[in-house]
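The values are calculated or read from the model by the stated rules, or taken from the named source; none is laboratory data. Quick caveat: nothing in here was measured; it's all calculated off a predicted structure. Every residue, glycine as well, gets a Cβ built from its backbone with ideal geometry; the counts of neighbours run over all protein chains shown.
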Amino acid sequence: MNVSVPPPRGEAFNTLSEGQDMEFEYVFRPIEAGGLRIKNRLEVSPAEPFLCTREGAITDEFIAFTSKLAAGGAGIVTVGDSPVTQAYADSNHFVVNLADEYIVHGLVKVSEAIRRYGAAASIELNLRDPRKPAELSREEIRGIINSFALAAERCRKAGFDMLMLHFGHGHTAASFFSPDMNKRTDEYGCGSFEDRCRFANELLDAVREKTGGMPIEMRFSGDELYPGGVHADEGIEFVKAIQDKIDLIHISAGSMHAVQTMEYTIQHTYMPRATNADIAALYKAAGLKIPVVSVGSYDMELAEKALRENKADMIAMIRAFIADPGQIKKARAGKSDEIRPCIRCNVCTGDDPHGCPKPLRCTVNAEAGRETMFLTQSAPEAKKAVVIGGGCAGMEAARRAAERGCSVVLFEKESELGGSLRLAGANPIKSDVRRYAEWSVRMTERTPGIDIRTGTEATEELVLAEKPDAVIVAVGSEQIRPRIPGGDDERICFAWQLDTGEVKAGERVVIAGAGLTGSETAVMLAREGKQVVLIDRLPLEEIMLRDKNVARVHRMALSRGVRIMDRTSLAAMTAEGAVVTDAGGKETVLPCDTLALSLGVRRRTELAERFEKMCDRVYFAGDCANRQGNITTAVRDGFFAAMNL
């Protein structure tokens, strides 16, 4: 399908979220839906943490994860994508299986874990059938409706306060309203507007019959964002037609049948925040009788702003709550600058969600998905710890160790904390990482019990003088600079030096290294109007295997006119430019004013090993301990080291 997607929305609306102070008023106002009083305007939106059993039974891990979200103080906590048929459950593992009549036993524990904290317990009912509506018999359609109704009844029996029905993203329920997906010619087809709404009306009636007065929230793609898809004008008419049978409308965007639109469903780090706020605002302005919920890369400040500007009645978030389950309490206490920011790396969404998914993990919050591992964490045996290195892993280790009651000395050879994390957020298109880097430095400096010694390179003598019970080595890595003819040319620099502005790029730039960092630098320079060539000795397919964001950044680069040459190696730098060779050994000169290197990093193994025998407890964390380290592994290693003290 040939799909065109509009440019990312929200640039103007997004300008607030850069550390601006705000008084939170609207987010804490209660609201009523379907007779249910909701204590504030914030919802933990549905997600798939993949913490159930393979068959979809409830586990202690799933309960602990959900309980942590509920403890944060949201008005609604919604359990994510839960199959209503066994066929869907058989293809979507490790999530709640509502087709199993015995699921009620485990779901009771989940609803209680949510309601314990005064939140409304909600759960998302869904079906993703590969068949289109025209391929279903009337009997099969009635079977689908009955499956939703029976699943809803199980949720009611399990003590849930409300339900969310998934009518968005091109899933089965949504496909009946779509003329693009629904080619039926009977009463369930798209011959008339009434027929387009028939499936939804019958499903809602069946669910109501089984659940009585339980409030129903409908998740809906307010705009599917592709030619032939459902757009806001039709969507608004649909919601008006069925609004007497639902109690909230949850406005998302995009369709899985047009994959280019899915970045509006799960926004990546290169998109503006509050991405779909303007779509929700259209529904809010349409005079609906039910509350409008907006979702899509919100944080607390943007949630308050959207509510204040009447763009929605409630705001739903999930990744922000995973990154910091305590964000509501911090905002209420006037400490919003202490909220750990989500970097929208989408590690939490999984790398193979409908194949063999991994349990949920979060790059910036290493506890997420691992709650049961640390439910009963005693005081550390080590009373004093020395942390060597003030980068991503070192700061995480220092903070967590100090929070556990350990006395920490943190050595950092540079004049400021941050290390390569600070450099990773320097590129203007990496604002999410920059916010996290700033938060990490700020909270490390603010955490009691950490003696920070910047501008001090750790030596064996300095470390031993502290008489530590434990040492955490987080000395990081160094950039690889190959030995090539002309390698001392003043036109050669590292890509990060262009990101930070330490080096100004010429008009023609060659970047060696088409991985994520080099590609992001290419996009930045192309946006500035530079002529950019991106080279890599590996085939593109292999490069993309290392990080799922590489393909996306390559598309961004190509759209800006960047030339990408794979299977191409850097051979030399001459007066004419960068000399490169292809897989067959053919040489080409690429004229350039600047040659930027982004060829990966080398672990500081020798430096790290100097501290290996400082005491009985020595831990290694971050890039110095990983072949291909990143923020995810650095935070994880620093966290584990601190928790093992």
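Side notes on the structure shown:
- Any hit, the stretch 139-152, residues being surrounded by fewer than 20 Cβ atoms within 10 Å (Cβ to Cβ), among the hydroxyl-bearing types (Ser, Thr, Tyr) and out of contact with any helix residue (DSSP H, G or I) (no Cβ under 6 Å at 6 or more places or on another chain): no
- Output for the stretch 32-64, where each listed residue is surrounded by fewer than 23 Cβ atoms within 10 Å (Cβ to Cβ) and assigned to a helix (DSSP H, G or I): ASP60, GLU61, ILE63, ALA64
- Matching residues in the stretch 588-645 - criterion: being assigned by TED's automatic domain parsing to the domain that holds VAL409, acidic (Asp, Glu) and over 26 Å from the mean Cα position of the chain (by Cα): GLU606, GLU609, GLU612, ASP616
- Hey, GLU139 without any contact (Cβ under 8 Å) to a residue 60 or more places away in the chain and closer than 30 Å to ALA71 by Cα or not: no
- In the stretch 266-284, the qualifying residues are those that are of a type in the set (Ser, Thr, Tyr), out of contact with any Ser or Thr (no Cβ under 6 Å at 6 or more places or on another chain) and closer than 23 Å to VAL523 by Cβ, and the one that is surrounded by the most Cβ atoms within 10 Å (Cβ to Cβ) is THR269.
- Taken over the stretch 574-586, the criterion of being in a strand (DSSP E or B) and either more than 17 Å from ASP536 (Cβ to Cβ) or modelled with pLDDT under 95 (or both) is satisfied by THR574, GLY577.
- Hits in the stretch 573-592 (condition: touching a strand residue (DSSP E or B) at 6+ places or on another chain (Cβ under 8 Å), under 12 Å from ARG491 (Cβ atoms) and surrounded by fewer than 19 Cβ atoms within 10 Å (Cβ to Cβ)): THR574, GLU576, PRO591
- If the condition is being outside any helix (DSSP H, G or I) and either touching a strand residue (DSSP E or B) at 6+ places or on another chain (Cβ under 8 Å) or closer than 22 Å to ARG567 by Cα (or both), then the stretch 514-529 contributes ALA514, GLY515.
- Checking each residue in the stretch 243-276 for being of a type in the set (A, V, I, L, M) and within 17 Å of the chain's Cα centre (by Cα) picks out ALA253, MET262, ILE266, MET271, ALA274.
- Among the residues of the stretch 322-379, those that are basic (Lys, Arg) and outside any helix (DSSP H, G or I) comprise LYS335, ARG340, ARG344, LYS358, ARG361, ARG370.
- Being out of contact with any helix residue (DSSP H, G or I) (no Cβ under 8 Å at 6 or more places or on another chain) and part of a loop (DSSP other than H, G, I, E, B) is a property that holds for GLY213.
- Test: residue in the stretch 587-594 that is touching a Gly at 6+ places or on another chain (Cβ under 6 Å), over 30 Å from THR376 (Cα atoms) and aliphatic (A, V, I, L, M): yes
- Among the candidates LEU595, LEU599, LEU570, residue that is under 30 Å from PHE411 (Cα atoms) and surrounded by 14 or more Cβ atoms within 10 Å (Cβ to Cβ): LEU599
- Test: residue in the stretch 399-421 that is more than 25 Å from GLU445 (Cβ to Cβ), modelled with pLDDT of 95 or more and crowded, with 23+ Cβ neighbours inside 10 Å: no
- Any hit, the stretch 312-324, residues being over 21 Å from the mean Cα position of the chain (by Cα) and among the charged types (D, E, K, R): yes
- Subset of the stretch 530-557 (residues that are under 24 Å from the mean Cα position of the chain (by Cα) and either over 14 Å from TYR270 (Cβ atoms) or in a strand (DSSP E or B) (or both)): GLU541, GLU542, ILE543, MET544, LEU545, ARG546
- Test result for ILE472, at pLDDT below 95 and either under 30 Å from ALA402 (Cα atoms) or of a type in the set (A, V, I, L, M, F, W, C) (or both): no
- A residue that is in a loop (DSSP other than H, G, I, E, B), in the same structural domain as THR632 (by TED's automatic domain parsing), under 23 Å from LEU645 (Cα atoms) and not acidic (Asp, Glu) occurs somewhere in the stretch 430-447.
- Count of residues meeting criterion [assigned to a loop (DSSP other than H, G, I, E, B), among the charged types (D, E, K, R) and under 27 Å from VAL77 (Cβ atoms)] in the stretch 120-145: 1
- Residues in the stretch 358-379 that are of a type outside the set (D, E, K, R) and crowded, with 20+ Cβ neighbours inside 10 Å: LEU360, CYS362, THR363, VAL364, ASN365, ALA366, ALA368, GLY369.
- Looking across the stretch 74-90, just one residue is of a type in the set (Ser, Thr, Tyr), within 23 Å of the chain's Cα centre (by Cα) and under 19 Å from ASP352 (Cα atoms), and that is SER82.
- Test: residue in the stretch 147-169 that is over 33 Å from the mean Cα position of the chain (by Cα) and more than 20 Å from GLY235 (Cα to Cα): no
- With respect to the conditions (1) without any contact (Cβ under 8 Å) to a residue 60 or more places away in the chain; (2) touching a strand residue (DSSP E or B) at 6+ places or on another chain (Cβ under 7 Å); (3) of a type in the set (Lys, Arg); (4) in a loop (DSSP other than H, G, I, E, B), ARG453 falls short on a single one, namely (4).
- The listed residues are GLN267, GLN260, and the only one of them that is touching a residue at least 60 places away in the same chain (Cβ under 8 Å) and part of a loop (DSSP other than H, G, I, E, B) turns out to be GLN267.
- Close pairs from the stretch 510-533: first farther than 18 Å from LEU599 by Cα, partner assigned to a strand (DSSP E or B) and among the polar types (S, T, N, Q), Cβ under 8 Å, at least 6 apart: none
- Annotation note: Cβ proximity below 7 Å between a residue of the stretch 101-122 that is under 24 Å from ARG219 (Cα atoms) and a residue that is acidic (Asp, Glu) and at pLDDT 95 or above (sequence gap 6+ or interchain) occurs for ALA120/ASP161; ALA121/ASP161; SER122/ASP161; SER122/GLU217.
- Tallying residues that are crowded, with 16+ Cβ neighbours inside 10 Å and without any contact (Cβ under 8 Å) to a residue 40 or more places away in the chain within the stretch 199-233 yields 2.
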